[in-house]
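These notes concern the structure reproduced below.
The values are calculated or read from the model by the stated rules, or taken from the named source; none is laboratory data. Bear in mind that the values here come from a model prediction, so they are computed numbers and not experimental data. Cβ placement follows ideal geometry from the backbone for every residue including glycine, while neighbour counts extend to all protein chains displayed. Ligands, DNA and RNA are excluded from the accessible area calculation, which covers all protein heavy atoms including side chains. Shrake-Rupley method; radii C 1.70, N 1.55, O 1.52, S 1.80 Å.
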Amino acid sequence: GSDLAAVRTRAVQKDDGWVINGHKVWTSGARVSDLGVAVCRTDPQAPKHAGLTVFLVPMDAPGVTIRPIRQMTGGASFNEVYLEDVVVSDAMRLGPVGQGWKVALTVLAAERLDSGLLGLGNADRAVELARNRPQPLTELERDAVGDLVARSFVQRLTSMRVAAALVAGADPGPEASIGKLLATDTMARTSEVVRLLLGSELTVDSGAWGTWAWTEHVLGAPGYRIAGGTDEIQHNIIAERVMGLPKEPRP
């Protein structure tokens, strides 16, 4: 979750492998994944950010239970995962024992780098919807569409900047959080644009693409402010690790 270091999922070494017990809510794509990445506490006596180890877990392994979480979109891309005496070999361990925090940060940075491209396709479709509308746009609608175009370009340039650093050999860093924030903002502004352009047609199944087809985006976009680390967590990462501001007081 948002406080990753507070993980309570346990992994206990046994023979040549590990036995994992724990529970995770909001696991995206769990039902269609072959492997999951599990951050486990392997040393309960160690400080909060220490004593963690990361494992790859086959999602069809005995003891893995996946329960879909029904969303207001009607779909279930989020899931609840239970791990009960799940046995994995030591070959499925990612990184050294007890060094899972560093591994988890690398995985999260890569996830946020990928998330930096979210929503751009639908933003382009919303702009195309505006171009193809028979009646002229109002000043308010033109302003909203222009703002979406500008912000989409900023999101693309930010993702290209982080990708260029990777090509140059740098590890994905906290700057990837900026792309994640821009992506969730783009998705929210795309929803606003299509609501302005379609009005009541947004919720009417007219059979024409671009009306009813937008419902899933409008209902699903708010969830991405939570997925992959909440907006508040991303702001903290940017403030502390990019801008060098004082750390937020923590208990």
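Structural remarks
- Residue count, region 1-57 (criterion: of a type outside the set (Ser, Thr, Tyr) and assigned to a loop (DSSP other than H, G, I, E, B)): 19
- Residue match in region 90-98 (condition: part of a helix (DSSP H, G or I) and open to solvent by less than 40 Å² (accessible area, probe 1.4 Å)): no
Residues checked against (1) modelled with pLDDT under 95; (2) closer than 14 Å to VAL12 by Cβ; (3) within 19 Å of the chain's Cα centre (by Cα):
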position: LEU56; (1), (2), (3): no, no, yes
position: ASP60; (1), (2), (3): no, no, no
position: GLY75; (1), (2), (3): yes, no, yes
position: PHE78; (1), (2), (3): yes, no, yes
position: LEU83; (1), (2), (3): no, yes, no
position: VAL87; (1), (2), (3): no, yes, no
position: ARG93; (1), (2), (3): no, yes, no
position: TRP101; (1), (2), (3): yes, no, yes
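- ALA76 vs. criteria part of a helix (DSSP H, G or I) and open to solvent by less than 30 Å² (accessible area, probe 1.4 Å): no
- Any hit, region 234-246, residues being in contact (Cβ under 8 Å) with a residue 40 or more places away in the chain and over 27 Å from LYS48 (Cα atoms): no
- For region 211-242, residues that are open to solvent by 50 Å² or more (accessible area, probe 1.4 Å) and assigned to a loop (DSSP other than H, G, I, E, B) total 1.
- Hits in region 28-67 (condition: open to solvent by 40 Å² or more (accessible area, probe 1.4 Å) and touching a Gly at 6+ places or on another chain (Cβ under 9 Å)): SER28, ASP43, PRO44, GLN45, LEU56
- Qualifying positions in region 162-191 - of a type in the set (Asp, Glu) and either surrounded by 16 or more Cβ atoms within 10 Å (Cβ to Cβ) or out of contact with any helix residue (DSSP H, G or I) (no Cβ under 9 Å at 6 or more places or on another chain) (or both): GLU175, ASP185
- Tally, over region 114-132, of residues that are hydrophobic (A, V, I, L, M, F, W, C) and closer than 12 Å to LEU182 by Cβ: 4
- Counted residues, region 126-161 - those being surrounded by fewer than 18 Cβ atoms within 10 Å (Cβ to Cβ) and either of a type in the set (Asp, Glu) or in contact with a Ser or Thr (Cβ under 7 Å, 6 or more places away or on another chain) (or both): 6
- Some residue of region 190-210 being farther than 16 Å from ALA126 by Cα, at pLDDT below 85, part of a loop (DSSP other than H, G, I, E, B) and under 15 Å from the mean Cα position of the chain (by Cα): no
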